[in-house]
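Participant: First, the structure itself, so that you have it in front of you.
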Amino acid sequence: MTIDVRPVRTEEEWRQHAFIAAYAFNGDRGDEARERKSAYYQWDWTLAAFDAGEMAAGLVIVPFEQYINGARIPVGGIASVSCLPERRRGGYVSALLRQSLATMRDAGQPLSMLGTPHFSLYRKYGYEIAGRQISYVFPPKTAKLRLPAPRGSYRRVTADDWQTLDALHAAHYSSRNGAFARSEARWRTQIFHALGQPHDAVVWTNTAGEPRGYAVYRTTNRPSPTLPWGETTLRVEDWVALDAEAYAAVLQYLLNHDLVHQIVLLASPDEPLADAFDEPFHIKEPPGAWLGHMLRLVDVPRALEARPALPQASGYAVTIALTDESAPWNAGTWRIECVAGRISAERTNTAPELEMDVRALAPIYNGFTKPVDAVRVGMVRVHNPTGVAAATQIFATSFTPYCPDDF
């Protein structure tokens, strides 16, 4: 068996690539669904695994830029990893993932992310959990805010208003960690729509005429054995509030939907949502905590050099020995230093202070896991304790990483 991995080249290959993904994820296999996919994914983002000329598996590498400590760092988002059932366990997905790392390195994407319920599978290829989402659920009929609704105005918007929302999104997330800078195509096809269904959206403007917050949401209804008209849920797909007035205004707008049974809102672990309510017990306890995306360093020196450090990290340095089976160009011992907020990485022959696999570095890199905790669970081996303290300073972040985007 010889596996050939390459992008799709023809319309028929794209149809097969889309079919394999739809089949694997129990999605819509029709022409309209494929056209929606074509509006967002491009052929040259694809990789497919062929055996004797027949496509057996595929994936997509979606180009993004991710905010970390104020910088926008190129990321390859791995999506639609799928294989025909009759081809499973034939090495096709492994070949795809290994080739994707070389493809992203050559494309100048030093980081890679993916979302999956199969964490152990992707850990084999250097990925590690590096984020968390908090799911808040509360009833609009009884939940009340501590602050009164501010003066200002609401305006319902459509995808044609994406630039207004994008400016608010960038103002909020550019100083935080984990979110993606969004393109017009992403706003139109992924934020304002999902699976061909449009979402509702609103922008709140203060009395000075400045847009300060927004919410994108959808409502669903399902039968209930106790509620004669079923159970209606308002799910907030995306939201931003730039100040206290906007925070109260956006939440009050959601609470005004008092005919729905519950509101579901995803947020960062840093989100002070409970502090906004007069009686926080209306939030269902405990809020759901969902493991977020997995992260991988594709090109270690470029990833480190692209990531700013906080001011207090200047002057710190650490030597780390890395192993990386799937991307051997990262393996070796690296001297990592921080000067004036910039991180550098150079190969060295000196003895390492810390030793780890590349997957352990990912959640340390974006601030999700503190080095001391990585040591506690055995992901990092310590040869010199001063390395733990130095790594803690170099990789510190002001905000817990949080990615509200799916792909």
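The numbers here are math on the coordinates, done by the rules we state, and not lab data. None of these values were measured; they are calculated from a predicted model. So basically every Cβ, Gly included, is an ideal-geometry build from the backbone, and we count neighbours across all protein chains shown.
Participant: List D44, D28 from most exposed to least, where exposure is judged by having the fewest other Cβ atoms within 10 Å. Could the numbers behind the result be given before it?
Facilitator: Details: D44 10, D28 15.
The order, fewest Cβ neighbours first, is D44, D28.
Participant: Just to confirm a number: summing +1 for Lys and Arg and -1 for Asp and Glu over residues other than R218 whose beta-carbon lies under 11 angstrom from that of R218, what do you get?
Facilitator: Around R218, the surrounding residues sum to -2.
Participant: Oh, and also: Please give the length that would be gained between H118 and V377 if that part of the chain were fully extended, namely 0.36 nm times their separation in residues minus their C-alpha to C-alpha distance (nm, one decimal). Spell out each step's value before the answer.
Facilitator: Numbers: separation 259, 0.36 × 259 = 93.24 nm, distance 1.99 nm.
Taking H118 through V377 to full extension adds about 91.2 nm, to one decimal.
Participant: In addition: Per Stokes-Einstein, at 4 °C and 1.567 mPa s, what whole-number D in µm² s⁻¹ belongs to region 136-278, with the Kirkwood radius over Cα pairs as the hydrodynamic radius?
Facilitator: Numbers: Rh = 15.9 Å.
Answer from the Stokes-Einstein relation: 81 µm²/s.
Participant: Ignoring everything except DSSP H segments at least 4 long, calculate the 222 nm mean residue ellipticity for the chain; use -39,500 (n - 2.57) per segment, divide by total residues, nearest 500. Each step should come with its number before you reach the end.
Facilitator: Numbers: 11 runs with 102 residues, N = 407.
Helices in the chain give a 222 nm mean residue ellipticity of -7000 deg cm²/dmol.
Participant: Kindly state, to the nearest 0.05, the FRET efficiency for T323 paired with A170, given R0 = 35 Å and r defined as their beta-carbon distance. Kindly include the intermediate steps, with their values, before the conclusion.
Facilitator: Working: r = 37 Å, r/R0 = 1.06.
Working from the Cβ atoms, E equals 0.40.
Participant: While we're here: For the peptides 164-172, 84-92, what is the packing order when you average, over each peptide's residues, the other Cβ atoms within 10 Å and list the highest mean first?
Facilitator: Details: 164-172: 17.8, 84-92: 13.9.
Final packing ranking: 164-172, 84-92.
Participant: Now for a separate question. So what's the projected area for region 295-394, the Cα convex hull averaged over all directions, in nm²?
Facilitator: Average projection, Cα convex hull of region 295-394: 5.6 nm².
Participant: For region 14-80, take the convex hull of the Cα atoms, compute a quarter of its surface area, and give me that in nm², please.
Facilitator: Values: hull surface 21.5 nm².
That works out to 5.4 nm², a quarter of the Cα hull's surface.
Participant: So how far, in whole Å, is the C-alpha centre of region 1-75 from the one of region 204-281?
Facilitator: Region 1-75 and region 204-281 have Cα centres spaced 34 Å from each other.
Participant: Ok, one more. Give a quick list of GluC sites (Glu not before Pro) in region 319-407 that DSSP marks as loop, anything other than H, G, I, E or B, with at most 15 other Cβ atoms within 10 Å. Provide the component values of the computation, followed by the final result.
Facilitator: Working: sites: E325, E337, E346, E353, E355; in loops: E325, E353.
Those that pass, being in a loop and sparsely packed, are E325.
Participant: When we measure straight from the Cα of K141, which lysines land under 24 angstrom away, once same-chain ones fewer than 8 places off are left out?
Facilitator: K284
Participant: In the chain, what percentage of the DSSP-assigned beta bridges are antiparallel, given to the nearest 5? All intermediate terms of the calculation are to be shown ahead of the outcome.
Facilitator: Numbers: 76 of 88 bridges.
Within the chain, antiparallel bridges account for around 85 percent of the total.
Participant: Could you calculate, for region 222-342, the ratio of the Cα radius of gyration to the Kirkwood radius, expressed as Rg to Rh?
Facilitator: Values: Rg = 22.8 Å, Rh = 19.4 Å.
So for region 222-342, dividing Rg by the Kirkwood Rh gives 1.18.
Participant: Using a 10 Å cut-off around each Cβ, can you sort M55, M379 from fewest to most neighbouring Cβ atoms? It would help to have the intermediate numbers written out before the result.
Facilitator: Working: M55 21, M379 18.
Ordered by Cβ neighbours within 10 Å, fewest first: M379, M55.
Participant: Same structure, new question: State whether the chain is rounded, prolate or oblate according to the following rule on the C-alpha gyration tensor (a ≥ b ≥ c being the square roots of its eigenvalues): a/c under 1.5 gives rounded; otherwise a/b larger than b/c gives prolate, and the remaining case gives oblate.
Facilitator: On the way: a/c = 1.95, a/b = 1.22, b/c = 1.60.
It comes out oblate by the Cα gyration axes.
Participant: Apply 1/(1 + (r/R0)^6) to the Cβ-Cβ distance of E346 and F25, taking R0 = 60 Å, and write down the FRET efficiency to the nearest 0.05. Walk me through the intermediate numbers first.
Facilitator: Working: r = 43 Å, r/R0 = 0.71.
Using R0 = 60 Å, I get an efficiency of 0.90.
Participant: Restricting to bridges with both residues inside region 134-291, how much of the DSSP beta-bridge set is antiparallel, in percent to the nearest 5? Before the final figure, lay out the partial values.
Facilitator: Values: 30 of 34 bridges.
Counting only bridges with both partners in region 134-291, antiparallel ones make up about 90 percent.
Participant: Taking neighbour Cβ counts within 10 Å as the exposure measure, how do L304, L147 sort from fewest upward?
Facilitator: So the residues, fewest neighbours to most, are L147, L304.
Participant: Let me ask another. Between V137 and A71, what length comes free when the chain is fully extended (0.36 nm per residue of separation minus the Cα-Cα distance, one decimal in nm)? Before the final figure, lay out each step's value.
Facilitator: On the way: separation 66, 0.36 × 66 = 23.76 nm, distance 3.25 nm.
Working it through step by step, the gained length comes to 20.5 nm.
Participant: Still on this structure, I have one more. Taking 0.36 nm per residue of sequence separation and subtracting the Cα-Cα distance, how much length would be gained by fully extending the chain between Q163 and F281, in nm to one decimal?
Facilitator: Values: separation 118, 0.36 × 118 = 42.48 nm, distance 3.66 nm.
Going from the current span to full extension adds 38.8 nm.
Participant: Along the Cα→Cβ direction, 7 angstrom out, place labels at R155 and Q99. What is the inter-label distance in nm?
Facilitator: Going from the R155 label point to the Q99 one covers 4.8 nm.
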